[in-house]
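Enquirer: My structure is below; once you've seen it, I'll send some questions.
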Protein chains: 2
Amino acid sequence: MRAVVVVTGDEVLEGRIGDRNGRFLAQELFAAGVELDAVQFVGDDMAVIRDAVASGLGAGAELVITTGGLGPTHDDLTMWAVAEAVGVPLVADLALAEVVRERSSRHARWADISPEVQHHSVMHQASLPGGALVLDPVGTAPGAVVAHGGSAVVVLPGPPSECVPMWRSAAGVEPVASILARAGGGGVRVVRVANLIEAQLMEYLATLPPDALSGVRMGVCARAGELEVTLRQRQGTAAADAVADRLVARYSDDVISADGRDLDTVVADALRARGATVAVAESCTGGLLGARLTARPGSSEYVRGGVIAYDNAVKTALLGVPPEVIDTAGAVSPECAMAMAEGVRRACEATYGVSITGIAGPGGGTPQKPVGTVFVGVADASGAWAEHLLLRGGRDIVRERAVAQALLALRRALVAS
Amino acid sequence: MRAVVVVTGDEVLEGRIGDRNGRFLAQELFAAGVELDAVQFVGDDMAVIRDAVASGLGAGAELVITTGGLGPTHDDLTMWAVAEAVGVPLVADLALAEVVRERSSRHARWADISPEVQHHSVMHQASLPGGALVLDPVGTAPGAVVAHGGSAVVVLPGPPSECVPMWRSAAGVEPVASILARAGGGGVRVVRVANLIEAQLMEYLATLPPDALSGVRMGVCARAGELEVTLRQRQGTAAADAVADRLVARYSDDVISADGRDLDTVVADALRARGATVAVAESCTGGLLGARLTARPGSSEYVRGGVIAYDNAVKTALLGVPPEVIDTAGAVSPECAMAMAEGVRRACEATYGVSITGIAGPGGGTPQKPVGTVFVGVADASGAWAEHLLLRGGRDIVRERAVAQALLALRRALVAS
C-alpha cells in the first residue's frame with residue numbers, strides 16, 4: 001500500500017505558517033503500515049493541485065490525501081482540482097448546502113454578511129466531485145472521499161482541528177477502510193536513548209553479528225538530547241524486537257523508553273505512578289518547560305505550577321533566591337539553579353522543583369559563561385542539585401534543549417526515587 | 001525564477017519530528033521573489049532523493065535545494081543522490097576530510113569511537129559531487145553548491161542550526177547569487193487584522209471597483225484570532241500598496257499591522273516604545289504566554305516574569321487571589337482573571353499584568369463553562385479588566401488561541417495608554 005499527501009495553501013508554501021496536517025497524516029499512515037511516498041506542499045493554484053493529485057494516482061498510490069483549500073474564498077480550489085484530476089464534474093450538493101449554511105450561521109459576525117455573499121460561499125463549499133462520499137464538516141467545510149479505480153482520494157480541510165477528526169471519519173469508510181486494512185500494519189519498535197550520538201550507535205552496531213539487522217529498516221533521528229532509533233519491519237516484529245532488546249541491554253541507564261513512549265510520556269507516567277507533583281522555576285526558557293509539562297490532558301494531576309523568574313528581582317521576590325547568591329555566583333550558576341528549584345518546590349508545595357537558568361543568546365554571553373551556558377536544578381525532600389550544560393544552537397534551540405535536559409534531570413530523579 | 005525544495009529524512013516523513021527547514025527556505029525564497037513550485041518531503045532513500053532532484057531540474061527549476069541526509073551514517077545519502085541526479089561522480093575531498101575530522105573531534109564522546117569508524121564517518125561526510133563548491137560546515141557536515149546548466153543544486157544539512165547559516169552562505173556564492181539577483185524580488189505587503197473572518201473580507205472586497213485587485217495576487221490566512229492578508233506583486237508595489245491602504249482604512253481599529261509585523265513584534269515594539277514592562281499569570285496555558293513573550297532576543301528589556309498558577313493553591317499563595325473569589329466565582333471567572341493580573345503585576349513589579357485562566361479540555365467542561373471557556377485579564381496602574389472568550393478546537397488550539405487573545409488584549413491596553 002502506498003500513499004501521497006498533498007498539503008495545499010500559499011500560507012504554508014510561503015512559510016507563513018508551519019504545517020501540522022502533513023506530519024499528523026504521516027504518523028497515521030506509518031502506524032497503519034502504509035508506505036508514504038511523499039508529502040508535497042503546493043500553493044493555492046488549481047492546476048498545480050490537480051497535477052499533484054493526478055501524478056500520485058498515476059504513480060500507483062492507493063491513497064492520495066489532500067489538506068486545505070476547502071474554505072469559502074476564491075483561492076479555495078481543492079475540490080475543483082480533485083474533480084479534474086479524477087475526470088469527474090464538480091457537482092453542487094443542495095442538501096449539503098443546507099448543512100453548510102446552518103453551520104456557517106453559527107460563525108462569528110456571519111449576520112453582517114450580505115445574502116449574496118452567503119449564498120456564493122455556501123454553494124462553493126457544497127460543490128464536490130461527482131460521486132464523492134461526503135465527509136461531514138467539523139467546521140463549515142465538508143470533506144470528500146473520491147474512489148478512483150482501486151484508489152481513493154481523501155479531501156480534508158486545512159485547520160488541524162477539522163482535519164484530524166475528518167481523517168478519522170474517512171479511515172472508517174470505503175474504500176479507505178479496505179485499503180488501510182490491506183496495508184496490515186508492519187511492526188514498528190522505537191527505542192529512545194539519552195546522551196547518545198549517531199556515531200556511537202554506529203560503532204556499537206558494527207560489533208553485532210552480520211545478520212542482526214536483517215529484515216529491519218532502521219532510522220535514526222537525533223533530537224534535543226536524545227537519539228530516537230526506529231526499527232521497522234514490514235510484517236511481524238520478531239527481528240525488530242531482537243534489535244530493540246540489544247539496544248536496551250547496551251544502553252540500559254540511558255534508555256528513555258523501549259515502547260515508543262517519548263520523554264514527556266515517561267515523565268508524566270513516572271510522576272503519576274509515584275503520586276508526585278512538580279513545580280517549575282524558569283529563567284531563560286520563560287515558561288516553555290511549564291507549557292510542555294501542561295500540554296498533556298490531565299496534567300493538573302501532577303503539575304502544581306511555577307514561576308517565570310525572568311528578572312532577577314522576581315527570582316528573589318517569588319522564589320526566595322538570596323540576593324547574595326545572585327551577586328556572588330550570578331543568576332546563571334549552579335547555586336542559583338538550586339535555590340530556584342528549592343524555592344519553587346516550597347512556594348508551590350510540590351514533590352519536585354525543577355529549574356532552568358541560562359544564557360539563550362544571542363546576547364548576554366561572556367568568556368566565562370558563553371551563550372548556551374545553562375544550569376538545570378532539581379530539588380526534592382532530600383535536597384537540591386544542579387547540572388551544568390553547554391548547549392549549541394540559536395536562541396530557540398538552546399531553549400528547547402534546556403527544556404529537554406530539565407525533563408531528563410527530572411526523570412533521573414524519579415527513577416532514583 | 002523557480003525553485004524546488006526537497007526535505008529528506010525518514011524522521012520527517014514518518015512524522016516523528018516537524019520540519020523547520022522547509023518553512024525557513026520557503027520564507028527566504030518568497031522574500032527573494034523566487035517562485036517556489038513545491039516543497040517535497042522524501043524518506044532516506046537514495047533513488048527517491050535522486051529522482052526528486054532530477055525532476056526538479058528537469059522541470060526547469062533554477063534552484064533545487066535539499067536539506068538533510070549529510071550525517072555520518074549509512075542512511076545519510078543525499079550527496080550521492082545529488083551526484084547521480086546531475087550525472088557526476090562522488091569524489092572524496094581529502095582536505096575537507098581533515099576539516100570534518102577536526103570538527104568531529106570536538107563532538108561529545110568522540111574519543112570512545114574506534115579509529116575505523118571515525119575514518120569511515122569522516123570520508124563519508126567529505127565525499128561530494130565532483131566539481132561542487134563546498135559550503136563550510138557549521139556542525140560537522142559540509143554542504144555543497146552544484147552548478148548544472150543554468151541551475152544550481154544547493155545541498156544543506158538537516159539541523160536548522162546548521163541549515164540556516166549555510167543557506168545564507170550559499171546565497172552569496174555563484175551561481176546561486178546570480179540566480180537570486182535575477183529573481184529581483186517582487187513587492188509583498190502583508191496586512192494583519194484581528195477579529196475578522198474570510199467571508200467578511202470577501203464581502204468588503206466585493207464592494208471595491210472591479211480593477212482594484214488587478215496585478216495583485218492575494219492570499220488569506222486565518223490564524224488564531226487574526227486574518228493575515230498577503231498582497232503580492234511580481235514587480236513593484238504600487239498596486240499592492242493601494243489595496244493595503246484600503247484595508248487599513250476599512251479595518252482601522254482592528255489592524256494589527258500594515259508593514260508585515262506580526263502581533264508579537266507589534267506588542268514588543270509598543271512595550272519598548274513606552275518603556276513599559278509586563279508580567280504574566282497563566283493557568284490553563286501553563287507558561288505558553290511567557291514562552292512566546294520571551295522567544296524574542298532582548299525580551300528581558302520588557303518581560304519581568306510571571307507565575308504559572310496551574311493549581312488553585314498557587315493562585316492564592318503567589319498571586320494573592322482571595323480564596324473566596326475561587327470559592328464563589330470559580331478559578332475560571334472574570335474575577336479570578338482580574339485578581340491574577342493584578343497579583344502578578346504587583347508581585348513582579350510590572351507596568352502590565354496579563355492573565356489567562358480557562359478550560360483547555362478535553363476534560364473539565366461544564367454546561368455553564370464548557371471546554372474553550374477562557375478569561376483573559378489585564379491590569380495596569382488604573383485597574384484591571386477581563387475578557388470572556390469561548391474558543392473552539394482541541395486542547396493545543398485552545399491554548400494557542402488563548403495566548404493570542406491575551407497578546408491582543410495587551411496590545412489594546414498599550415495602544416490606549
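Enquirer: Looking at the stretch A:291-313, I want the residues that are in contact (Cβ under 8 Å) with a residue 40 or more places away in the chain and have a partner that is among the aromatic types (F, W, Y) with Cβ atoms under 6 Å, at least 6 apart or on another chain. Which pairs are those?
Expert: If the second residue must be among the aromatic types (F, W, Y), the pairs left are A:G305/B:Y310.
Enquirer: Another question, if that's okay. Evaluate the stretch B:258-270: report whether one residue or more is in a loop (DSSP other than H, G, I, E, B), at pLDDT 95 or above and in the same structural domain as B:V398 (by TED's automatic domain parsing).
Expert: From the stretch B:258-270, those in a loop (DSSP other than H, G, I, E, B) are B:258-262; that's our starting set.
Still in the running and at pLDDT 95 or above: none.
Taking every residue of the stretch B:258-270 in turn, none turns out to be in a loop (DSSP other than H, G, I, E, B), at pLDDT 95 or above and in the same structural domain as B:V398 (by TED's automatic domain parsing).
Enquirer: A:G286 versus (1) assigned to a helix (DSSP H, G or I); (2) crowded, with 23+ Cβ neighbours inside 10 Å: which is the lone unmet condition?
Expert: Condition not satisfied by A:G286: (1).
Enquirer: For the stretch B:308-353, which residues satisfy the criterion of being aliphatic (A, V, I, L, M) and touching a Gly at 6+ places or on another chain (Cβ under 7 Å)? Even if it seems obvious, please write down each step before you answer.
Expert: To start, the set of residues in the stretch B:308-353 that are aliphatic (A, V, I, L, M) comprises B:308-309, B:313-314, B:317-319, B:321, B:325-326, B:329, B:331-332, B:337-341, B:344, B:347, B:350.
Across the stretch B:308-353, the qualifying residues are B:I308, B:A309, B:V314, B:L319, B:V321, B:V332, B:A337, B:M338, B:M340, B:A341, B:V344.
Enquirer: Tally time: how many residues in the stretch B:389-417 are away from chain A (no Cβ under 14 Å) and either β-branched (V, I, T) or free of Cβ contacts under 8 Å to residues at least 60 places away in the same chain (or both)?
Expert: Narrowing the stretch B:389-417 to residues away from chain A (no Cβ under 14 Å): B:408-417.
Next, only the ones that are either β-branched (V, I, T) or free of Cβ contacts under 8 Å to residues at least 60 places away in the same chain (or both) stay: B:409, B:412, B:415-416.
Of the residues in the stretch B:389-417, 4 are away from chain A (no Cβ under 14 Å) and either β-branched (V, I, T) or free of Cβ contacts under 8 Å to residues at least 60 places away in the same chain (or both).
Enquirer: In the stretch B:111-130, what residues are closer than 30 Å to B:G56 by Cα, within 11 Å of chain A (Cβ to nearest Cβ) and either over 32 Å from the mean Cα position of the chain (by Cα) or among the β-branched types (V, I, T) (or both)?
Expert: Here is the first cut: in the stretch B:111-130, the residues closer than 30 Å to B:G56 by Cα are B:121-130.
When the remaining residues are screened for being within 11 Å of chain A (Cβ to nearest Cβ), the result is B:121-122, B:124-125.
B:S121, B:V122, B:H124 - these are the residues of the stretch B:111-130 that are closer than 30 Å to B:G56 by Cα, within 11 Å of chain A (Cβ to nearest Cβ) and either over 32 Å from the mean Cα position of the chain (by Cα) or among the β-branched types (V, I, T) (or both).
Enquirer: Turning to a different aspect of this structure: Is it the case that the stretch A:67-87 has a residue that's within 26 Å of the chain's Cα centre (by Cα), in the same structural domain as A:C163 (by TED's automatic domain parsing) and at positive phi?
Expert: Yes, the stretch A:67-87 contains at least one residue that is within 26 Å of the chain's Cα centre (by Cα), in the same structural domain as A:C163 (by TED's automatic domain parsing) and at positive phi.
Enquirer: Out of the strands (runs of 3 or more DSSP E) lying entirely within the stretch B:130-226, which hold 2 or more residues that are within 30 Å of A:Q125 (Cβ to Cβ)? Spell out how you get there, then give the answer.
Expert: Details: elements: B:133-135, B:143-148, B:151-156, B:187-194, B:217-223.
Filter on the stretch B:130-226 gives B:187-194, B:217-223.
Enquirer: Another question about this same structure. Could you check the stretch B:240-257 and list, in sequence order, the residues that are assigned to a helix (DSSP H, G or I) and surrounded by fewer than 20 Cβ atoms within 10 Å (Cβ to Cβ)? Step through it out loud before you land on a result.
Expert: Of the residues in the stretch B:240-257, the ones assigned to a helix (DSSP H, G or I) are B:240-250, B:252-254.
Result: B:D241, B:A242, B:D245, B:R246, B:V248, B:A249, B:R250, B:S252, B:D253, B:D254.
Enquirer: Among the residues of the stretch B:83-100, is there at least one that is closer than 23 Å to B:G22 by Cβ, surrounded by fewer than 21 Cβ atoms within 10 Å (Cβ to Cβ) and not basic (K, R)?
Expert: Taking every residue of the stretch B:83-100 in turn, at least one turns out to be closer than 23 Å to B:G22 by Cβ, surrounded by fewer than 21 Cβ atoms within 10 Å (Cβ to Cβ) and not basic (K, R).
Enquirer: Filter the stretch A:258-281 for residues that are among the small types (G, A, S) and surrounded by fewer than 17 Cβ atoms within 10 Å (Cβ to Cβ); which is nearest to the chain's Cα centre (by Cα)? Before you say what the answer is, go through the steps one by one.
Expert: Filtering the stretch A:258-281 down to residues among the small types (G, A, S) leaves A:258, A:260, A:268, A:270, A:273, A:275-276, A:279, A:281.
Now drop any that are not surrounded by fewer than 17 Cβ atoms within 10 Å (Cβ to Cβ), which leaves A:260, A:273, A:275.
Working: A:G260: 14, A:A273: 25, A:G275: 27 Å.
Checked the stretch A:258-281; the qualifying residue nearest to the chain's Cα centre (by Cα) is A:G260.
Enquirer: Among A:L180, A:L156, A:L133, which is the only one that is closer than 22 Å to A:Q27 by Cβ, away from chain B (no Cβ under 14 Å) and out of contact with any Cys (no Cβ under 6 Å at 6 or more places or on another chain)?
Expert: Details: A:L156 fails: out of contact with any Cys (no Cβ under 6 Å at 6 or more places or on another chain); A:L133 fails: closer than 22 Å to A:Q27 by Cβ.
Selected residue: A:L180, the only one of A:L180, A:L156, A:L133 that is closer than 22 Å to A:Q27 by Cβ, away from chain B (no Cβ under 14 Å) and out of contact with any Cys (no Cβ under 6 Å at 6 or more places or on another chain).
Enquirer: Could I ask something else about it? In this structure, does A:R345 turn out to be within 22 Å of B:G306 (Cβ to Cβ) and within 11 Å of chain B (Cβ to nearest Cβ)?
Expert: Details: within 22 Å of B:G306 (Cβ to Cβ): yes; within 11 Å of chain B (Cβ to nearest Cβ): no.
When the stated conditions are applied, A:R345 does not pass them.
Enquirer: Is there a residue in the stretch A:192-211 that is away from chain B (no Cβ under 12 Å), surrounded by 20 or more Cβ atoms within 10 Å (Cβ to Cβ) and of a type in the set (K, R)?
Expert: No, because not a single residue in the stretch A:192-211 is away from chain B (no Cβ under 12 Å), surrounded by 20 or more Cβ atoms within 10 Å (Cβ to Cβ) and of a type in the set (K, R).
Enquirer: May I pose another question? Give me the pairs: first residue in the stretch A:163-190 and of a type in the set (S, T, N, Q), second residue buried (at least 19 other Cβ atoms within 10 Å of the Cβ), beta-carbon distance under 7 Å, and six or more apart or on different chains, which are they?
Expert: A:S169/A:L135
Enquirer: From the list A:T78, A:T8, exactly one residue is within 12 Å of chain B (Cβ to nearest Cβ), surrounded by 24 or more Cβ atoms within 10 Å (Cβ to Cβ) and in contact with a Leu (Cβ under 9 Å, 6 or more places away or on another chain). Which is it? Explain how you work it out, then say what you get.
Expert: Values: A:T78 fails: within 12 Å of chain B (Cβ to nearest Cβ).
Just one listed residue meets the conditions, A:T8.
Enquirer: Taking the stretch B:149-187, which residues are among the polar types (S, T, N, Q) and either at pLDDT 90 or above or closer than 18 Å to B:L36 by Cβ (or both)? So that I can check it myself, show each step before the final result.
Expert: As a first pass, look at the stretch B:149-187 and keep what is among the polar types (S, T, N, Q): B:151, B:161, B:169, B:178.
Those that are among the polar types (S, T, N, Q) and either at pLDDT 90 or above or closer than 18 Å to B:L36 by Cβ (or both): B:S151, B:S169, B:S178.
Enquirer: For B:G43, indicate whether it is within 20 Å of B:L133 (Cα to Cα) and either not aliphatic (A, V, I, L, M) or not assigned by TED's automatic domain parsing to the domain that holds B:V155 (or both). Step through it out loud before you land on a result.
Expert: Working: within 20 Å of B:L133 (Cα to Cα): no; either not aliphatic (A, V, I, L, M) or not assigned by TED's automatic domain parsing to the domain that holds B:V155 (or both): yes.
No; evaluated as a whole, the condition is false for this residue.
Enquirer: Suppose we keep only residues that are facing another protein chain (nearest Cβ under 9 Å) and among the small types (G, A, S) within the stretch A:32-68. Which one would you say is surrounded by the fewest Cβ atoms within 10 Å (Cβ to Cβ)?
Expert: Filtering first and then ranking leaves A:G43.
Enquirer: Among what's in the stretch B:299-323 and is more than 7 Å from chain A (Cβ to nearest Cβ) and in a loop (DSSP other than H, G, I, E, B), pick the residue that is farthest from A:C284 (Cα to Cα).
Expert: Filtering the stretch B:299-323 for residues that are more than 7 Å from chain A (Cβ to nearest Cβ) and in a loop (DSSP other than H, G, I, E, B), the one farthest from A:C284 (Cα to Cα) comes out as B:P322.
Enquirer: For the stretch B:262-287, which positions are among the hydroxyl-bearing types (S, T, Y) and either at the interface with chain A (Cβ under 8 Å from one of its Cβ atoms) or in contact with a strand residue (DSSP E or B) (Cβ under 7 Å, 6 or more places away or on another chain) (or both)? Reasoning before the result, please.
Expert: Taking the stretch B:262-287 first, the residues among the hydroxyl-bearing types (S, T, Y) are B:265, B:277, B:283, B:285.
Selection gives B:T277, B:S283, B:T285.
Enquirer: Let me ask something else. Say we look at the stretch A:307-341 and pick out the residues that are hydroxyl-bearing (S, T, Y) and touching a strand residue (DSSP E or B) at 6+ places or on another chain (Cβ under 7 Å); which of these is surrounded by the fewest Cβ atoms within 10 Å (Cβ to Cβ)? Step through it out loud before you land on a result.
Expert: As a first pass, look at the stretch A:307-341 and keep what is hydroxyl-bearing (S, T, Y): A:310, A:316, A:328, A:333.
The next check asks that each one be touching a strand residue (DSSP E or B) at 6+ places or on another chain (Cβ under 7 Å); those that pass are A:310, A:333.
On the way: A:Y310: 28, A:S333: 19.
Ranking the candidates gives A:S333 first.
The values are calculated or read from the model by the stated rules, or taken from the named source; none is laboratory data. For clarity, every value in this text was computed on a predicted model and none was experimentally measured. Glycine also receives a Cβ, built like all others from the backbone with ideal geometry; neighbour counts cover every protein chain displayed.
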